Amino acid sequence: DSGHSDEQGASTAAPGLPSAVFPELPGFYFDPEKNRYFRLLPGHNNCNPLTKEKLQEKEREKERQKMLAEDEKLRKADSACERVFTVNDVSHGGCKYGIMSFSSSSRGSLSVQMCDNLYFTNRKVPVLFNGCRSGEIFSIDLRQRGRRDHNWKASRFHQESAITSVRVLQDENYLLAADMLGQIKLWDVRVTKPVQEYKGHYNQHAYLPVHVCEPEGLLMAVGQDCYTRVWSLQDGHLLRTIPSPYPSANDLIPSVVFSSKIGGCRGLPGLLMAVKHDLYYYPYN
């Protein structure tokens, strides 16, 4: 707005018009609450609060608070609860999960129901898949350990960035792979082509896992923005986005686990989220 000086640094928009109709102006930021443009200041120091990065951070935090206020299913678990989910590493290279019952602690002991996690424990599959920093994914047939020629890779395909996680589905012809561009793809390893993509995941440089619950047909991943996203495994549709109970930070990325039967064989499906010292429960229905 040429009618205002640089000292004022702001221009008022026409009243009665929605903020969506105002174009993005180089060097200015439109505040929908105050219905006006503000001049962006250069630099990234703490003495300069009106930078593009600060404004984007403010918008993300506002959106997180809004989503938390709308979420009525968040539950926080502590020692007052009857049961809590536990994970225990075991010697054979996989892990087990268990449900710890606190109701028995009054009798001087804790009862723990341990169950094999069939996804993490080793299956007798002779093919090993590897994800590389170059974005290459290749497989090795373990039955040919002595092979040293140029064809020692059984299959190979590529994504556009460093691979952060690979998961083989129960149908071993399909593999999920995530990379540092936030791309999550489902590959058909027989033809080495992606058959599905799951959009919305955010990652730039972190090694973040993907989680699969095939009985419920779900794919889950926690992004570097600390949002947990849930997709339909079959068609790639984003079903839900769950904000972290804490403000986004690289050292506060939540850890999640999904079970079809939380609480034992008669339990209900749900998501458990751990952040710092807190455990949160999201029922699935």
Pro194 neighbourhood, Cβ < 10 Å, K/R = +1, D/E = -1, net charge 0
Charge tally in the Cβ shell below 13 Å around Cys226, where Lys, Arg are +1 and Asp, Glu are -1, Cys226 excluded: -1
When each of Lys153/Lys185; Lys62/Lys276; Lys58/Lys185 is checked by Cα-Cα distance, pairs over 24 Å: Lys58/Lys185
Label-point separation in nm, Glu172 to Arg133, each point 7 Å along Cα→Cβ: 3.1 nm
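Please arrange Val195, Val168 by accessible surface area, largest first, computed with a 1.4 Å probe and ligands excluded.
Ranking Val195, Val168 by accessible area, largest first, yields Val195, Val168.
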Below 12 angstrom from the Cβ of Glu33, what's the summed charge of the other residues (Lys, Arg +1; Asp, Glu -1)? +2
Over segment 128-285, relative contact order from alpha-carbon pairs under 8 Å, at least 6 apart, %: 12 percent
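For Lys58, Lys34, give me the order by solvent-accessible area with a 1.4 Å probe, most accessible first, ignoring ligands, DNA and RNA.
Largest to smallest exposure gives the sequence Lys34, Lys58.
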Per residue accessible area in Å² of segment 153-285, where ligands, DNA and RNA are left out and the probe is 1.4 Å: 47 Å²
In nm, give the distance between the simple-model label positions of Glu59 and His205, each being 7 Å from the Cα along the Cα-to-Cβ direction. 2.3 nm
Can you give me the C-alpha center-to-center distance between segment 149-209 and segment 224-265, rounded to a whole angstrom? 19 Å
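What's the carbon and sulfur percent of segment 183-239's accessible surface, probe 1.4 angstrom, rounded to a whole number?
Taking all protein chains in place, segment 183-239 shows 50 percent carbon and sulfur surface.
The values are calculated or read from the model by the stated rules, or taken from the named source; none is laboratory data. Only a predicted model underlies this, so the values are computations on that prediction, with no experimental measurement involved. Glycine gets a Cβ as well: all are built from the backbone with ideal geometry, and neighbour counts include every protein chain shown. Surface accessibility is based on the protein's heavy atoms, side chains included, excluding ligands, DNA and RNA. Shrake-Rupley method; radii C 1.70, N 1.55, O 1.52, S 1.80 Å.
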